[in-house]
Amino acid sequence: MASFGALLVVVGLMCPTAEALDNGLALKPTMGWLHWERFTCNTDCDTDPRNCISEQLYMQMADVMVKEGWKEAGYEYVCIDDCWPSHKRDAKGRLQADPNRFPGGIKKLADYIHSKGLKLGIYADVGKNTCAGYPGSLGYYETDAQTFADWDVDLLKFDGCFMERTLIAEGYMNMSKALNKTGRSILYSCEWPLYEWAIKQPNYTAIREYCNHWRNFNDIFDSWSSLKTILEWTASNQKIIVPAAGPGGWNDPDMLVIGNFGLSHDQQQSQMALWAIMAAPLLMSNDLRDICPRSKELLQNRMIIAINQDPLGQQGYHTARLMDFDVWERPLFGNRLAIAIMNRQELGGPRRFPISAVPGWKICVPQCNVTQILPQYKELGVQSHQKELVLSVNPTGTTLLTVTPLSSNLRKLHWNNTAVQKEHTLL
């Protein structure tokens, strides 16, 4: 991971380097629920009917999303992952849902989800099989795209197992064209770069042109170590991936695992804060029917969601590592700045961090207004650039702030794609 200790400022705002997929979707990061990390490929509805991959699971999640404020907070997609289909296509070569677990079929499920004012996502694979061994879309791109459109599906997560790596790009582009050809607006979630990194650096100009968001790195697990590896990879490759992000197309660091078993509350706050800074899709994978109140409050925190959904649409950068803290910053609409300071230490108690060490703090010349969002909401009021504001950050926790300059001569803050990679002396 690169280290930065000096302010990186240029005038102007960097826009994505390529045109986004022209389907009018994902103008802000996608928000919703996805089954995979929490429910994996549980198809045993005989002994575990409550948690198996079935139409009941998605209907119940949709009910809870409406009843418990998730829809109101902005979470709108209910997404199926792997293990939903039959092991064989029908007589016309079309995918079909497992008849025992989805007795009404996907169209009936889509109608139910839509009746709740929500949208339905489904899963398929660019190769000959899905990762769990169900039929893939290779050779059936147009058939499958039309099938999903006929079912009134709203999002396709397209995986990349069992596909020749040299043909990955072609396969993803062909499915994108097939989806657009149907005439239905279907958000396209790709895993193209995840599989292509093994053989070469992906072409993010093309990826942005054909996909609405894209996975870059390994699947997330319900653990702090998994979360850390994703953050490390993102920071190490930010000069390549960040310029591709913007309205219409986003880097996807994978699911939110908040509300499950592996993260402490401080670590859950870190994931939520950093996914907001990274302008990441907020796709929860948890059991909304049985989630602790603190996790629910965090996931529905309107101020964090507002950072994630900020209309400027610019992904943030990792800007410093010093004193075993990581600093991430994201420019926001209105010349504001979001700052996340994560304590990397995994022992001891809270540690103090001077905000003057944040590279972007010079935005506060001469003064700014500071709001702390995490770990607790607190108005820190008007601060001068020279005032030594010190923050307390728990081990593996994150303090999240928004900063608004108070000046008639506002500086526009940005990290350009070359300068942001320069090494600076650690403070």
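Throughout, read-outs are computed from the coordinates displayed, never taken from laboratory work. For clarity, every value in this text was computed on a predicted model and none was experimentally measured. Neighbour counts run over all protein chains shown; Cβ positions are idealised from the backbone, glycine included.
In table form, for the structure just shown:
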quantity: DSSP-defined antiparallel bridges as percent of all bridges, the chain, nearest 5; calculated: 60
quantity: Qualifying aspartates and glutamates (Cα of each under 13 Å from Cα of K71; at least 8 residues distant if same chain); calculated: D63
quantity: Highest-first arrangement of 281-287, 388-394, where packing means the average Cβ count within 10 Å; calculated: 281-287, 388-394
quantity: Convex hull of Cα atoms in the range 31-308, direction-averaged projection (nm²); calculated: 13.7
quantity: Stretch gain in nm, segment R289-K67, where the contour uses 0.36 nm per residue and the Cα spacing is subtracted; calculated: 78.9 nm
quantity: Linear extension gain, S86 paired with S384, 0.36 nm per residue minus alpha-carbon span; calculated: 101.0 nm
quantity: Pairs beyond 29 Å (Cα-Cα), from K92/K116; K28/K116; K157/K239; K157/K181; K177/K296; K228/K387; calculated: K92/K116; K177/K296; K228/K387
quantity: Ranked by how many other beta carbons lie within 10 Å on average, peptides 340-348, 163-171 from highest; calculated: 340-348, 163-171
quantity: Calculated SAXS-style log₁₀ I(q)/I(0) at q = 0.21, 0.22, 0.23 Å⁻¹ - the range 66-145, Debye, Cα scatterers; calculated: -0.98, -1.04, -1.09
